[in-house]
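As structure tokens, the structure follows; a few thoughts come after it.
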Amino acid sequence: MTDQVPAVAAGHPPEKLLKAVNPMLRFLLRTPLAGPLRRQLMVMNFKGRKSGRQFSIPVSAHHIDGALYAIANAGWKHNFSGGADAEILLDGKTTTMHGEMISDPAVVADLAHRCAQSYGVKKAQTMMGLNFRDDRIPTVDEFAEAFARDKLVAVKFTPR
């Protein structure tokens, strides 16, 4: 019996590519040269909760029900467990915001499902860093299974 490919799987670029591209994105997103990317990506500037080290990480900016979210399974997500402040650069403007990690797979799956519906199948995969097995938006249950398996979370940012 062959294993079934999951309906949703993480589809992030290779780490080496991110290390090369992220410094350019951090610079470009501060300038008008980034064009529409300035509304699709944000730069999160925050201090590590244990190390105190300063981080500056470009990520996709997801607008769901008028709120700003990041969806991730990267290590930086733990800095927002219990909440933390960050400077968010979005659309050329920097705003102090409070980020709160949401780790309940059912809640994150519902957010991701609504986010994917707003983007459409192709753009959702690119913007969310996910691969969909079928040419359709996965169900909430399929998102929940993937997020529980891959430890994906959402971070909700609210202005300070």
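General observations
- Number of the exception - His12 against (1) closer than 25 Å to Phe80 by Cα; (2) at pLDDT 90 or above: (2)
- The one condition in (1) touching a strand residue (DSSP E or B) at 6+ places or on another chain (Cβ under 8 Å); (2) modelled with pLDDT under 95 that Val155 fails to fulfil: (2)
- Number of residues in the stretch 120-130 that are over 16 Å from Ile64 (Cα atoms), surrounded by 15 or more Cβ atoms within 10 Å (Cβ to Cβ) and either among the hydrophobic types (A, V, I, L, M, F, W, C) or more than 14 Å from the chain's Cα centre (by Cα) (or both) equals 1.
- Checking Gly99 against (1) touching a Phe, Trp or Tyr at 6+ places or on another chain (Cβ under 7 Å); (2) surrounded by fewer than 15 Cβ atoms within 10 Å (Cβ to Cβ), the condition it does not meet: (2)
- Strands (runs of 3 or more DSSP E) wholly inside the stretch 1-66 containing at least 3 residues that are closer than 23 Å to His98 by Cα and touching a helix residue (DSSP H, G or I) at 6+ places or on another chain (Cβ under 6 Å): 54-60
- The requirement of being touching a residue at least 12 places away in the same chain (Cβ under 8 Å) and more than 15 Å from the chain's Cα centre (by Cα) is fulfilled somewhere in the stretch 58-66, by at least one residue.
- Candidates in the stretch 20-38 are the residues that are within 18 Å of the chain's Cα centre (by Cα) and surrounded by 10 or more Cβ atoms within 10 Å (Cβ to Cβ); of these, the one that is farthest from Lys123 (Cα to Cα) is Pro23.
The values are calculated or read from the model by the stated rules, or taken from the named source; none is laboratory data. Because the structure is predicted, anything quoted here is derived from the model rather than measured. Methodologically, a virtual Cβ is constructed for each residue, glycine included, from the backbone with ideal geometry; neighbour enumeration extends over all protein chains shown.
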